[in-house]
Amino acid sequence: MNTTRQNHSIESTKKALVLFSGGQDSTTCLAWALNHYDKVETIGFSYGQRHAVELTVRPGILQKIRNFSEEWNKKLGEDHVCDLSLISSLSETAMTSDVEIRMMENGLPNTFVPGRNLMFLMVAAMLAYRRDLNVLVGGMCETDFSGYPDCRDDAIKAMQLALNIGMDARLNLVTPLMWKNKKETWQLAAELGGQGLVDLIVNETHTCYVGEHDKLNTWGFGCGECPACLLRKKGFEEFISRGKPE
């Protein structure tokens, strides 16, 4: 029994499922996964998010990623979108309702959706188990972030332990951006795909919490004022100040 489990783990190590929203971080993580694994699939979630435009831009980004290189095209497999509208029905937040973004008494912004990333990881793990993928890749980060508890490294490690115990699996949760600030995330994209990937992220991805996707700024689409836009803008300006990739 142990031998079978070990062989299964070795066989599956290079097959990954990327949590892909259509934003800057998840697109960078997708490129990273395509450079590190032999087979890569993607999963997105419809949860009643205010910025549902991210679901609209996802297919176009995936196609451009396929066109980016023949190697990436061969590795990139199926995309999956799961309905998790339960999330918005359980918790009214600035991420799921048209309300002003503000800080709450507990020190967190009201864009925090309790348990969202935990549910994302659980559902992704269920899909990965069925499709023989034993690596989950997510864009969680606790360097430049809005303070969400479920983005912290400790939360991801605890979730990995719980999932593996609960499913009797050997699932590996990988977070390439965990200790990177936004400038370093832009730099990683440049290292993975040069100026072409940086331009793709600027011109195609969506990160803005309020769903503003009509105005294209130098750093990408967005309102320029919500926490996600401010982090993305600041990181891009710091990245550009050190020179663009060749």
Unique match (being at pLDDT 95 or above, under 14 Å from the mean Cα position of the chain (by Cα) and not acidic (Asp, Glu)) among Leu173, Leu197, Leu192: Leu173
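When residues of region 168-191 are filtered for being hydrophobic (A, V, I, L, M, F, W, C), in a helix (DSSP H, G or I) and under 24 Å from Leu55 (Cβ atoms), how many remain?
Count: 2.
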Those residues of region 125-140 which are within 16 Å of the chain's Cα centre (by Cα), under 13 Å from Ala33 (Cβ atoms) and assigned to a loop (DSSP other than H, G, I, E, B), in sequence order: Gly138, Gly139
Test set (1) over 18 Å from Leu136 (Cβ atoms); (2) touching a helix residue (DSSP H, G or I) at 6+ places or on another chain (Cβ under 6 Å); (3) not β-branched (Val, Ile, Thr) - Glu225 fails condition number: (2)
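For region 14-34, what are the residues that are assigned to a helix (DSSP H, G or I) and under 16 Å from Val135 (Cα atoms)?
Selection gives Ser26, Cys29, Leu30, Ala31, Trp32, Ala33, Leu34.
Residue-wise test of (1) over 14 Å from the mean Cα position of the chain (by Cα); (2) hydroxyl-bearing (Ser, Thr, Tyr).
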| site | (1), (2) |
| --- | --- |
| Asp25 | no, no |
| Thr28 | no, yes |
| Glu41 | no, no |
| Tyr47 | yes, yes |
| Ile65 | yes, no |
| Phe68 | yes, no |
| Trp72 | yes, no |
| Gly77 | yes, no |
| Val81 | no, no |
Test: residue in region 153-176 that is aliphatic (A, V, I, L, M), farther than 21 Å from His36 by Cα, exposed (fewer than 15 other Cβ atoms within 10 Å of the Cβ) and touching a Phe, Trp or Tyr at 6+ places or on another chain (Cβ under 9 Å): yes
In region 59-68, the residues that are without any contact (Cβ under 8 Å) to a residue 40 or more places away in the chain and more than 23 Å from Met119 (Cα to Cα): Gln63, Arg66, Asn67
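Those residues that are part of a helix (DSSP H, G or I) and under 22 Å from Ile65 (Cα atoms), I need them from region 194-227; list them, please. I'd like the intermediate steps shown before the answer.
The initial filter retains those residues of region 194-227 that are part of a helix (DSSP H, G or I), namely 194-204, 227.
Gly194, Gln195, Gly196, Leu197, Val198, Asp199, Leu200, Ile201, Val202, Asn203, Glu204, listed by residue number.
The values are calculated or read from the model by the stated rules, or taken from the named source; none is laboratory data. These numbers were taken from a predicted model, which means no experiment stands behind them. Don't worry about glycine lacking a Cβ; one is built from the backbone with ideal geometry, like all the others, and counts go over all protein chains shown.
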